[in-house]
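Please treat every number below as a calculation from the coordinates, not as lab data. Computed from a predicted structure; not experimentally measured. Counting neighbours? That spans all protein chains shown, and the Cβs are built from the backbone with ideal geometry, glycine included.
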Amino acid sequence: MASIAVCPGSFDPITYGHLDIIRRGAKVFDQLYVVVLNNSSKQPLFSVDERIDLIKEVTKDLPNVKVDEFSGLLVEYAQSVNANAIIRGLRAVSDFEYEMQITSMNRVLNESIETFFIMTNNQYSFLSSSIVKEVAKYDGNISSLVPSTVEKALHQKFKK
Ligand code: PNS
């Protein structure tokens, strides 16, 4: 039986930190669905379609990665693609409480879906989409933080 996992997030936009988790997750599972979901506490900069296009572009060399979107609960999406695993990246202790809350809620909603954490590569432990947007907004150098397609898309967004 193929092992299928879901890597969920807002991906607004995808960074090298996300990409690192996706690449490493894709080595462990036969099929990895990267899914753009709605985080009700965030106001996205990029539309869902824009985020999807950027993720597709930067994961096109990974044959077992599929990119998708969903507007409902993560566990419902996981069930719809027969995934029994969720992958999340963990950067620092500060992520722990938030991740624990999401993981516990997902387990209450569907206990047959297990969440796995991948420790972020040290070089990306400070990295977040929010910090990248902040730097891009003021025209700072983000070339070591996001792939060039994403860098271009960010500069386009903040072009005056
Ligand atoms: O990248 P993010 O913003 O930390 O990802 C959070 C996300 C989108 C995975 C989370 O908000 C989510 O799962 N949203 C879908 C709605 C859902 O299933 N909520 C219940 C678990 S909190």
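Test I21 against the stated conditions and say whether it is outside any loop (DSSP other than H, G, I, E, B), in contact (Cβ under 8 Å) with a residue 40 or more places away in the chain and in contact with a Pro (Cβ under 7 Å, 6 or more places away or on another chain). No. Counting only residues that are over 15 Å from the mean Cα position of the chain (by Cα) and within 11 Å of the ligand (Cβ to nearest atom), which one in region 35-55 is surrounded by the fewest Cβ atoms within 10 Å (Cβ to Cβ)? Result: S40. Close contacts from region 32-49, counting a first residue that is in contact (Cβ under 8 Å) with a residue 40 or more places away in the chain and under 15 Å from D68 (Cα atoms) and a second that is more than 12 Å from the ligand (Cβ to nearest atom) and assigned to a loop (DSSP other than H, G, I, E, B), with Cβ to Cβ under 8 Å and a gap of 6+ residues or different chains, come to L32/L62; L32/N64; Y33/V81; Y33/A83. Tell me, which residue of region 117-147 that is under 15 Å from the mean Cα position of the chain (by Cα) and aromatic (F, W, Y) is farthest from Y98 (Cα to Cα)? Within region 117-147, the match that is farthest from Y98 (Cα to Cα) is Y124. Kindly check whether there is at least one residue in region 80-87 that is within 14 Å of the ligand (Cβ to nearest atom) and free of Cβ contacts under 8 Å to residues at least 60 places away in the same chain. For region 80-87, residues within 14 Å of the ligand (Cβ to nearest atom) and free of Cβ contacts under 8 Å to residues at least 60 places away in the same chain: present.
Within region 62-77, the residues that satisfy the criterion of being without any contact (Cβ under 8 Å) to a residue 60 or more places away in the chain, near the ligand (Cβ under 8 Å from one of its atoms) and aliphatic (A, V, I, L, M) are L73, V75. The numbered conditions (1) surrounded by 16 or more Cβ atoms within 10 Å (Cβ to Cβ); (2) in contact with an Asp or Glu (Cβ under 7 Å, 6 or more places away or on another chain) are all true for L19 except (2).
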